[in-house]
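The values are calculated or read from the model by the stated rules, or taken from the named source; none is laboratory data. Here the structure is a predicted model, which means the values were calculated and not measured. Virtual Cβ from ideal backbone geometry, glycine too; neighbours counted across all protein chains shown.
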Amino acid sequence: LADAQEACRALNRQLLDTLATHLDGDGLSWDMLVVSDGVVDRLGELERRCRYRERLPERLGPAFGSGSNLGVRALLTGPSGTGKT
């Protein structure tokens, strides 16, 4: 199962590389964004959800459900050119 999961991750990375430039995050922080504190808080929540999504079923156990989708979705809104991508 671990091999299949890693293969899926590698495939997803390849597909994402065609859409966006990967940033490793070294030297970057939410404080560098020019947005309100509320937006920074929400982005931090989104980051934590992405980081810990695979651990959630382990911690919640069978009550969480084995068929749950671990994907994360976010809808960013704003005028054109404001950096939503």
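With respect to the conditions (1) surrounded by 10 or more Cβ atoms within 10 Å (Cβ to Cβ); (2) closer than 20 Å to residue 2 by Cα, residue 16 lacks only one, and its number is (2).
Go through segment 1-24 and report how many residues are more than 19 Å from residue 84 (Cβ to Cβ) and not acidic (Asp, Glu). Break it down stepwise before answering.
Taking segment 1-24 and keeping what is more than 19 Å from residue 84 (Cβ to Cβ), we get 1-15, 17, 24.
Among the residues that remain, those that are also not acidic (Asp, Glu) are: 1-2, 4-5, 7-15.
Within segment 1-24, residues that are more than 19 Å from residue 84 (Cβ to Cβ) and not acidic (Asp, Glu) number 13.
Within segment 25-65, the set of residues being over 17 Å from residue 83 (Cβ atoms) and of a type in the set (Lys, Arg) comprises 48, 49, 51, 53, 55, 59. Only residues that are assigned to a helix (DSSP H, G or I) and modelled with pLDDT of 80 or more were counted in segment 27-85, giving 19.
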